[in-house]
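The structure under discussion appears below in the form of structure tokens.
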Amino acid sequence: MEIGLPGKFLGTLEQYVPKAGTYVMGDKIYSSLAGKIEIKEETEGEQKKTTIKVIPKQNRSSSVVPSVGDLVIARVARIMNDRINVNILCINDVPLKQQFTGVVKLQEIRRYDTDKIVTENCFLPGDIIKAEVISMGDSRSFFLSTAQNHLGVMFARHQESRELMVPVNWETMKCPVTNLEESRKVAKPEL
């Protein structure tokens, strides 16, 4: 059983017809939620087509706890000059019922020019990020890192239009409606 997470690459429009729990960007199909990926052969008249959908996990509590090395999906809750606070939503492709909190310290946002980092130019409250657990932290939160290229903002809404933005490069996202750009520490997309 393969699990889909928000933003996970599932295939192309040449391979599948997208159904519930997916979205299309360009000719690529991505998971829009966490759950089981289901691929089916369907017949419509004399045409055969392969569909793909993501079925959300329901009524299953997860007793998963983050540990060092785990990849997590989290929502940015609060921005400070020296760190960001997040609420962890998924651990290693497993959605959580119970909430954990995490902290990304300034020096763990990226590996270079750490003295020039401005947290508001990397993350904003509400952004969905992918991060790695680097230590257990204290009793209240886990310490996370977004320093690697595949870690950072996965989804963000434009501050004015509230539209979901698309990545332009590793430090910029663009609103498809207004064409205005905002700074972010963008996660390299999975292809």
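Any residue that is more than 30 Å from ILE55 (Cβ to Cβ), open to solvent by less than 80 Å² (accessible area, probe 1.4 Å) and hydroxyl-bearing (Ser, Thr, Tyr) - is there at least one of those in the range 129-143?
Taking every residue of the range 129-143 in turn, at least one turns out to be more than 30 Å from ILE55 (Cβ to Cβ), open to solvent by less than 80 Å² (accessible area, probe 1.4 Å) and hydroxyl-bearing (Ser, Thr, Tyr).
As an exercise: evaluate PRO95 against (1) at pLDDT 90 or above; (2) outside any loop (DSSP other than H, G, I, E, B); (3) open to solvent by less than 40 Å² (accessible area, probe 1.4 Å) and give the number of the one condition it does not meet.
Of everything listed in (1) at pLDDT 90 or above; (2) outside any loop (DSSP other than H, G, I, E, B); (3) open to solvent by less than 40 Å² (accessible area, probe 1.4 Å), PRO95 misses just condition (1).
So if I check each of VAL64, VAL54, VAL17, which one is surrounded by 14 or more Cβ atoms within 10 Å (Cβ to Cβ) and more than 21 Å from the chain's Cα centre (by Cα)?
Numbers: VAL64 fails: more than 21 Å from the chain's Cα centre (by Cα); VAL54 fails: more than 21 Å from the chain's Cα centre (by Cα).
Sole residue among the options that is surrounded by 14 or more Cβ atoms within 10 Å (Cβ to Cβ) and more than 21 Å from the chain's Cα centre (by Cα): VAL17.
Could you grab the pairs with beta carbons closer than 7 Å, sequence gap of 6+ or different chains, first residue in the range 76-89 and within 15 Å of PHE142 (Cα to Cα), second one surrounded by 15 or more Cβ atoms within 10 Å (Cβ to Cβ) and of a type in the set (Gly, Ala, Ser)?
Note: pairs meeting the criteria are VAL86/ALA74; VAL86/GLY102; ASN87/ALA74; ILE88/ALA74; ILE88/GLY102; LEU89/ALA74.
Need a quick list: strands (runs of 3 or more DSSP E) entirely within the range 106-167 having at least 3 residues that are at pLDDT 90 or above, over 13 Å from ARG184 (Cβ atoms) and touching a strand residue (DSSP E or B) at 6+ places or on another chain (Cβ under 7 Å).
Strands (runs of 3 or more DSSP E) meeting the threshold: 128-135, 142-145.
Can you find a residue that is open to solvent by 40 Å² or more (accessible area, probe 1.4 Å) and at positive phi anywhere in the range 105-117?
The answer is yes; a qualifying residue exists.
How many residues does the range 118-128 contain that are open to solvent by 10 Å² or more (accessible area, probe 1.4 Å) and in contact with a Leu (Cβ under 9 Å, 6 or more places away or on another chain)?
Looking only at that region, the number is 1.
Of all residues in the range 15-35, which are small (Gly, Ala, Ser) and part of a loop (DSSP other than H, G, I, E, B)?
ALA20, GLY21, GLY26, SER32, ALA34
Among (1) open to solvent by less than 40 Å² (accessible area, probe 1.4 Å); (2) touching a strand residue (DSSP E or B) at 6+ places or on another chain (Cβ under 8 Å); (3) of a type in the set (A, V, I, L, M), there is one condition LEU180 misses while meeting the rest; what is its number?
Answer for LEU180: the failing condition is (1).
If the requirement is being over 27 Å from SER145 (Cα atoms), among the hydroxyl-bearing types (Ser, Thr, Tyr) and not in a loop (DSSP other than H, G, I, E, B), which of these qualifies: THR50, THR101?
THR50
The values are calculated or read from the model by the stated rules, or taken from the named source; none is laboratory data. In this text, all values refer to a predicted model and were calculated from it rather than measured experimentally. Positions of Cβ are backbone-derived with ideal geometry, glycine not excepted, and every protein chain shown enters the neighbour counts. SASA here: full protein model, heavy atoms, side chains in, ligands and nucleic acids out. Shrake-Rupley method; radii C 1.70, N 1.55, O 1.52, S 1.80 Å.
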